[in-house]
Amino acid sequence: RAGVVEVERSVTAVLGQDVVLPCRYRAQEQEQVVQVTWLKRGPGGRSAEVAVLNRQHGEHVQEPYAGRVLRRADGALEDGAIVLRN
């Protein structure tokens, strides 16, 4: 058995303002989140990595998102939400 990933079906953003992209994992007993990977789906269904949040190695944000993507909360990765700035 595994936990449940909770995401918003849709998120509304305003041009020029920060937006939170929520993602929460409801872990089962004895489970621990070690990594969260954010992908952007592009044309034709192709995916490109945006950011990786890793428990041991911290966060890594790909160019062209460097400086624009931040982790919303410190602590356990069960809250894997990110903030996309401006």
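3J(HN,Hα) along the range 25-41: 10, 8, 6, 7, 4, 6, 8, 9, 7, 9, 8, 10, 10, 9, 10, 10, 8 Hz, from the Karplus curve 6.51 cos²θ - 1.76 cosθ + 1.60 with θ = phi - 60°, whole Hz, x for Gly and Pro.
Heavy atoms of the protein chains alone define the surface here; on that basis the range 4-84 has 75 Å² accessible area per residue at 1.4 Å probe size. C23 sits among other residues whose Cβ lies under 12 Å from its own Cβ, and their net charge, with Lys and Arg +1 and Asp and Glu -1, is 0. Dipole magnitude for the chain: computed about the Cα centre from +1 point charges on Lys and Arg Cβ and -1 point charges on Asp and Glu Cβ, it is near 280 debye.
Exposed loop sites were defined as trypsin sites (Lys or Arg not before Pro) in DSSP loop states (anything but H, G, I, E or B) carrying at most 15 other C-beta atoms within 10 Å; in the chain the longest segment without such a site runs 10-45. Each principal axis of the Cα atoms in the chain has its own extent, and those three values, largest first, are 40, 27, 25 angstrom.
Here is the list for the range 1-45: GluC sites (Glu not before Pro) lying in DSSP coil, each with at most 14 other C-beta atoms within 10 angstrom of its C-beta, are E8, E29, E31.
The values are calculated or read from the model by the stated rules, or taken from the named source; none is laboratory data. Not measured: the values here are computed from a predicted model. Neighbour counts are summed over all protein chains in view; Cβ atoms, including those assigned to glycine, are modelled from backbone coordinates with ideal geometry. Areas reflect the complete protein model, heavy atoms only, side chains present, ligands, DNA and RNA absent. Shrake-Rupley method; radii C 1.70, N 1.55, O 1.52, S 1.80 Å.
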